[in-house]
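Every number in this text was worked out from the coordinates using simple rules, so none of it is lab data. On a predicted model such as this, the values are computed, not experimentally measured, just so you know. FYI the Cβ positions are ideal-geometry reconstructions off the backbone, even for glycines, and counts take in every protein chain you see.
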Amino acid sequence: MRLRCVECGSEWPGAEVRYRCGCGGTLDVVLDAIPGLNRYLFEPRRGSRELLDRSGVWRYRELLPAIDPRHVVTAPEGGTNLYRHPAVSAWVGAEVALKHEGENPTGSLKDRGMTVGVSTARALGLGAVACASSGNASASMASYAARAGMQAYVFVPAGLPMSSGVAQALAYGARVLEVEGSPDDLPKLVESVCLEDGIYLLDAGNPFRIEGQKSIVFELLDDLGWQVPDWIVAPGGHLGHVSALAKGLAELRAANLVPRTGRLAVVQAAGANPLYTAWRSSQDPWPMRAETVASAIRVGDPVNGRKALRGLRATNGVVEEVTDAEILEAKVAVDRAGIGADSASCAALAGARRLVAAGTIRPNQQVVVVLTGHLLKDLDVVGRLQGEAPGGNLPVRSAATPSAVREGMRAAPR
Ligand SMILES: *Cc1c(COP(=O)(O)O)cnc(C)c1O
Ligand SMILES: [Zn+2]
């Protein structure tokens, strides 16, 4: 296993604390030659009692960085459902399967990355982990650190209202630092403190987190009997997740587990669309001010832009954008089906609908949409929906008599 710069190709041994190349490029984990594998290796593990086999990440360990099982920190995670629902498919305009990563232990797909990230910290002999994020990454990291008996440090800019991600991280025992000064300078500060103090940095650019995230496609293909879908549609913020989907598909093909990769569609919110803009203009992503209802993808300066563009090219992929109004409409569709998801997930669903309408996705194709977060991750948006979106569901006020109550119960749903 090695680390390789995505920009200039410089390489280092894998078992080394390094987050970036001297040229500024992010790093890839390059696995040793991936052996020809056989799907029947994985299937019996689903029924096993061993945590490593039950984990939807470590079940596929032959396709992950080799880590001594004694160092592995697992909940276990993964094992998420693949839903099909006629009303959701009707809303999209094509039959879609929904891989619900919000069903992970802390409520988002971040757990797949963090089980590998925190295990890597342990394997490297480090006793603490850190990241600069106010969202699901911090919550997930804090949970895995607590399970491992390690201290977690979360860095956020001072002066902002506390996010639910930070609240969740505090609950899991993370030390949260609200740092004054320019938020733009925070990542550099955190990286230098981590390097000097022997703390493992698990921010969005960490290449081992991406290794864990790859397991979404491994488990998805396993769910589908190793039939590759024509499209996988996923939301993009820092773009680690979609880079991981592309890397996972490429590695499955290299291991001869699938004959082709299928196509990847990345969906961004129109108010946080640096990849979409870059894709359209054939340039590298350019930082922007990000604003969208979907907080998990409210990212104006994605750290994994280069990896995502590479993954899009390798899978003949596309990038789509959706408005907040479309995100909220998708949210009504998926929540009302009883499935529910956070608004970043709903961006992907809305993007699938746009791609169907544009004829890019044809109605007879096999489509999987990755739902990335749990409905409970952004209850503030659920609250807003009730007031704003068409189809928002409101409580009915009733007098305390049987007839009034019955009248209220009959009230037409909005
Ligand atoms: C982090 C996250 C994303 C986006 O993943 P990136 O790797 O940042 O692109 C999407 N949805 C949810 C719920 C997330 O937590
Ligand atoms: Zn480099």
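Of all the residues in the range 87-105, those that are in a loop (DSSP other than H, G, I, E, B) and either on the phi > 0 side of the Ramachandran plot or surrounded by fewer than 24 Cβ atoms within 10 Å (Cβ to Cβ) (or both) number 4. In the range 14-46, the residue that is farthest from the chain's Cα centre (by Cα) out of those that are within 16 Å of ligand 2 (Cβ to nearest atom) and outside any loop (DSSP other than H, G, I, E, B) is V30. Of the helices (runs of 4 or more DSSP H) entirely within the range 254-354, those holding at least 3 residues that are within 17 Å of the chain's Cα centre (by Cα) occupy 305-314. Going by the structure shown, is R49 more than 19 Å from the chain's Cα centre (by Cα), more than 16 Å from ligand 2 (Cβ to nearest atom) and part of a loop (DSSP other than H, G, I, E, B)? Spelling it out, R49 is indeed more than 19 Å from the chain's Cα centre (by Cα), more than 16 Å from ligand 2 (Cβ to nearest atom) and part of a loop (DSSP other than H, G, I, E, B).
So which of V322, V396, V382, V405 ends up being free of Cβ contacts under 8 Å to residues at least 60 places away in the same chain, within 16 Å of ligand 1 (Cβ to nearest atom) and surrounded by fewer than 21 Cβ atoms within 10 Å (Cβ to Cβ)?
Answer to the check: V382.
When the residues of the range 1-13 are filtered to those that are without any contact (Cβ under 8 Å) to a residue 60 or more places away in the chain, in a loop (DSSP other than H, G, I, E, B) and in contact with a Gly (Cβ under 8 Å, 6 or more places away or on another chain), which remaining residue is nearest to ligand 2 (Cβ to nearest atom)? If we take residues in the range 1-13 being without any contact (Cβ under 8 Å) to a residue 60 or more places away in the chain, in a loop (DSSP other than H, G, I, E, B) and in contact with a Gly (Cβ under 8 Å, 6 or more places away or on another chain), then C8 is nearest to ligand 2 (Cβ to nearest atom).
Based on this model, can you work out whether G240 counts as under 14 Å from the mean Cα position of the chain (by Cα) and crowded, with 24+ Cβ neighbours inside 10 Å? Working first, answer last.
Details: under 14 Å from the mean Cα position of the chain (by Cα): yes; crowded, with 24+ Cβ neighbours inside 10 Å: yes.
The answer is yes for G240.
Which is assigned to a helix (DSSP H, G or I) and in contact with a strand residue (DSSP E or B) (Cβ under 6 Å, 6 or more places away or on another chain), of S134, S143, S138?
Just one listed residue meets the conditions, S138.
Screening P285 against (1) surrounded by 18 or more Cβ atoms within 10 Å (Cβ to Cβ); (2) in contact (Cβ under 8 Å) with a residue 60 or more places away in the chain; (3) within 23 Å of G351 (Cα to Cα) leaves a single unmet condition, (2).
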